[in-house]
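Okay, so here's the structure we're looking at.
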Amino acid sequence: MLKFTFPGPGAGVSYHNHSDMSDGAASLELMCRAAKAAGLREFGMSDHWVIPPDNSIDASSWRMKPDRLDEYIEKLLKLKKELDSENFTLLLGLEIDFFFENYREVLKNLESYPLDYTIGSVHYSGNFPIDHSITDWVDLSEEQKEKICSIYWKKLEGAAACGLYTFIGHLDLPKKFGMIDNSKYLPCAFKVLNAVAKTQGAIELNTAGWFKECNEQYPCSDILKEACSQKIPVVVNADAHHQDHVKRSFAEAAQILEKSGYPAR
């Protein structure tokens with residue numbers, strides 16, 4: 001498994017990306033070939049792996065079907081054999097949804113697969129889908145929003161504290177639709193960072209947020225500054241769901257990292 005050290009792996013990599021085997025728009029082959037053509041030196045596919053602890057959550061519309069994991073790995077290994085070169089390396093990953101009830105079992109069941117890294121993410125607060133649609137948020141009271149966010153941050157802290165993921169994905173995801181005051185949850189975010197630092201983990205700067213209603217990278221600059229103060233490695237990722245987006249806004253991401261205290265890279 002990959003292991004990052006401060007300040008992170010530097011420019012020219014992207015490990016958080018999706019194909020049409022989960023909720024992406026392009027095939028694994030199109031995504032991987034586009035990454036090589038774009039000049040990335042390392043590129044990882046990380047389709048969604050969501051195994052809910054009960055039937056109150058239906059992620060079937062956007063996750064990879066569990067019975068396709070062998071196919072996913074086989075296709076990526078074939079592409080890796082074809083595309084790897086002196087200047088390009090294809091890596092195998094999964095973005096894994098964290099649930100307190102079953103995270104150890106889920107990860108244990110993946111141990112036999114040749115994964116290079118895993119992303120620990122949270123997309124559900126209870127059975128509420130955090131980032132599915134703005135319509136899920138519009139009729140909520142402030143009290144309901146606060147409860148959803150509280151559960152989200154506790155789960156993300158749990159994902160960080162277990163120390164079993166290569167890095168933690170899009171830390172402040174609930175801000176996606178611009179429906180909350182993200183600054184209210186900075187203390188929660190700092191607790192997550194404390195857990196990441198304690199387990200010698202890492203986080204990402206996810207550029208996809210610039211193309212959502214929040215119009216801001218994940219996580220916000222205040223979180224990045226705190227992460228830098230704790231010497232937490234950061235990897236810049238596109239969270240691409242289309243082959244044209246494999247290194248979208250990476251120049252802007254580099255500027256944000258420098259403003260947050262990270263050395264130029």
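The values are calculated or read from the model by the stated rules, or taken from the named source; none is laboratory data. Treat the numbers as computed from the prediction; the structure is a model and nothing was measured. Because the Cβ atoms are built from the backbone with ideal geometry, glycine has one as well, and the counts that use them run over all protein chains shown. Accessible surface is based on the protein model in full, side chains and every heavy atom, while ligands, DNA and RNA are left aside. Shrake-Rupley method; radii C 1.70, N 1.55, O 1.52, S 1.80 Å.
Tabulated values for the structure
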read-out	value
Principal axis dimensions, the range 22-101 - Cα atoms, whole angstrom, descending	46, 21, 20
Computed [θ] at 222 nm, deg cm²/dmol, the chain (DSSP H ≥ 4; -39,500 (n - 2.57); rounded to nearest 500)	-10000 deg cm²/dmol
Taking the range 95-241 and dividing mean pair separation by its residue count, relative contact order in percent (alpha carbons under 8 Å, at least six apart)	21 percent
Considering only the chain, percent of DSSP beta bridges that pair antiparallel, nearest 5	15 percent
Order by protection proxy (mean Cβ within 10 Å, highest first), peptides 253-263, 122-132, 100-110, 16-26	16-26, 122-132, 253-263, 100-110
Burial ranking of peptide ranges 182-191, 217-226 (average Cβ count within 10 Å, highest at the top)	217-226, 182-191
Distance in nm between pseudo-label sites at Asp244 and Glu105 (7 Å out along the Cβ direction from Cα)	4.3 nm
Translational diffusion of the chain, µm² s⁻¹ [Kirkwood Rh, Cα pairs; Stokes-Einstein; 4 °C; 1.567 mPa s]	70 µm²/s
Length-normalised contact order of the range 112-163 in % [C-alpha pairs under 8 Å, at least 6 apart]	45 percent
Taking N as its residue count, the alpha carbon Rg of the range 141-230 over 2.2 N^0.38 Å	1.03
Ratio Rg/Rh, restricted to the range 39-147 and using Cα atoms, in which Rh is the Kirkwood radius	1.06
Solvent accessible area, Å² - Ser141, 1.4 Å probe, full protein context	50 Å²
Normalised contact order of the range 51-166, rounded percent, pairs of Cα under 8 Å and 6 or more residues apart	26 percent
Per residue, in Å², the accessible surface of the range 35-164 once ligands and nucleic acids are set aside, probe 1.4 Å	50 Å²
Percent carbon-and-sulfur accessible area, the chain, ignoring ligands, DNA and RNA, probe 1.4 Å	48 percent
Rounded if a/c under 1.5, otherwise prolate or oblate - the range 191-249, Cα gyration tensor axes	prolate
Around Ile134: net Lys/Arg minus Asp/Glu count, Cβ-Cβ under 10 Å	-1
Relative counts (whole %) of C-alpha pair distances in the range 63-218, using bins that are 10 Å wide	10, 35, 34, 18, 4, 0
